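Note sheet for the following structure.
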Amino acid sequence: MSEYLDRAFSPASLGKLPLKNRILKAATYEGKTPDGVPGDLLLDSHKAVVAGGTAMTTIGSCTPEADGRINDQMMWIHEGNRAPLAHLTKALKEVAADVKISGQMMHCGNFSKNRKMQRLKRPLGPSRQFNMIGAPSGMPFAGSMRISDIDYMVQTYFDAAKTMKETGFDAVEIHFGHGYGLSQFISPKTNRRSDEYGGSLVNRMRLPLRVLEAVRKAVGDDFPILGKMGMTDGVKGGLQFAEAQEVASLLDAGGIDALICSGGTSSFNPMVYFRGDTLDKGLIEVEKNPITKLGLKLIGPKMFRHYPYKELYFLEDAKKIRDRVKCQMIYIGGCTELSSVETVMKEGFDFVQMGRPLIKDPAYVKHAMQDPNYKNGCIHCNRCATLIEAPEGVYCPENVKQA
Ligand SMILES: Cc1cc2nc3c(=O)[nH]c(=O)nc-3n(C[C@H](O)[C@H](O)[C@H](O)COP(=O)(O)O)c2cc1C
Ligand code: SF4
């Protein structure tokens, strides 16, 4: 095994958290929490990853409040889920005592089609806007958050992070990207506020930094906080790379332990972060709402622009961010082949997060440690990503074909 693969498969520390290797499972919303409750379906999918040798798995959609969910099947962190969450983390550690568990804290902001809101009547973001995803289910507009809504959101992050620590999570990951709540504040396209939360980048970063501060207060200094951010929104008028570098610096100065640099937004240009086959065809197949189906047929080709897949598609930009920050860096985006793991290590990244490679083969680490010629086999068809609302949730149809 080369020096760099050896580094990838050797123990390392994330902040003060010891990890058995440098391969981490990326947050990939599982779609496996019927009625928002984490049960066996979710547990089984992470059990496979944990048994497969990955150092830390990430539970998707640890949403800090019920109304921060894209749909009513997404999990959120609250007292009612405390026992199932504690069971989840305990059961995963029974599979591998040395595995660590992180949870991605994601609030969708105005990107929601959840008709079962509890506190709100419609989704809220930084500014009033057309709600494309909610329109087919009768919520064509998202509102603008008042200061009291902003304060409330910060408090929910504090409460959720505290609950996650208390229920056995070892780390949390705050989602600052992909066009969800905090990213809507960072992006000049979606944040058109004229108060202290809009305008300059310092103002647009005020809420994300308040959230980081609140989460830090909740979990303490020794508990790793990861941040997933965008390096571009991939849309005119949105966040561009030059400003994203400033975002990284501000998060670094705000005390983030590690950054994961992605890009694109689910609302305007999701293929920036996926690459490979576009999602529209698969989404049309699984969509039940006839209006959404029609909408996807009409706007799909414009929304899901084609970006051909290539390995390590975020590497060059992520290296530029790496050079500006002191925190640890976790590479994400098309690190599928072992040669790519080697490159990422050689470039000095501390860890790698893998999404699709671990959906394709949850035992990636075990297999790769046994076989220097290991091939993962993910073909970047992105069918898994079209299954997030399918009854059984996300899986790899390629594996079913090959079985
Ligand atoms: C099925 C699926 C669900 C995803 N859900 C999330 C999510 O909940 N949060 C997130 O930040 N990224 C999500 N992503 C994006 C991945 O975390 C990752 O950024 C992307 O797949 C690129 O990494 P990869 O090439 O290793 O797959 C998802 C990706 C897939 C395939
Ligand atoms: S469905 Fe399977 S092969 Fe296709 S992108 Fe997802 S993990 Fe890769």
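So what is the diffusion coefficient of the stretch 139-211 in µm² per second by Stokes-Einstein at 10 °C and 1.306 mPa s, using a Kirkwood Rh over Cα pairs? Stokes-Einstein gives a translational diffusion coefficient of 119 µm²/s. Using a cutoff of 8 angstrom between alpha carbon atoms and counting only pairs six or more residues apart, the relative contact order for the stretch 3-402 works out to 17 percent. Estimated from helices alone, the mean residue ellipticity of the chain at 222 nm is -10500 deg cm²/dmol (sum of -39500 (n - 2.57) over DSSP H runs with n ≥ 4, per residue).
Rounded to the nearest 5, what % of DSSP beta bridges with both residues in the chain are antiparallel?
20 percent
If eta is 1.002 mPa s and T is 20 °C, what Stokes-Einstein diffusion coefficient results for the chain, Kirkwood Rh from Cα pairs, in µm²/s? Rounded, D is 102 µm²/s. Normalised Debye scattering of the stretch 180-283 at q = 0.18, 0.24 Å⁻¹ gives log10 I(q)/I(0) of -0.87, -1.29, counting only Cα atoms as equal scatterers and leaving out solvent. Cβ crowding within 10 Å ranks Leu14, Leu315, Leu239 as Leu315, Leu14, Leu239, fewest other Cβ atoms first.
Neighbour counts of C-beta atoms inside 10 Å place Lys25, Lys360 in the sequence Lys360, Lys25, starting with the fewest. Kirkwood's formula applied to the C-alpha pairs of the stretch 1-100 gives a hydrodynamic radius of 14.6 angstrom. Rg/Rh for the stretch 251-403 (Cα atoms only, Rh after Kirkwood) is 1.01. Considering all C-alpha pairs of the stretch 221-276, those separated by over 16 Å amount to 45%. A cut-off of 5 Å between modelled amide H atoms, ignoring neighbours fewer than 5 places along the same chain, links Met56 with Lys25, Lys100. Across the stretch 265-321, C-alpha contacts under 8 Å between residues 6 or more apart give a mean separation that, scaled by the residue count, equals a relative contact order of 46 percent. When Val352, Val211, Val202, Val95 are arranged by Cβ crowding within 10 Å, least crowded first, meaning fewest neighbours, the order is Val202, Val95, Val352, Val211.
Each reported figure results from applying straightforward, stated rules to the coordinates on display, with no laboratory input. None of these values were measured; they are calculated from a predicted model. Glycine gets a Cβ as well: all are built from the backbone with ideal geometry, and neighbour counts include every protein chain shown.
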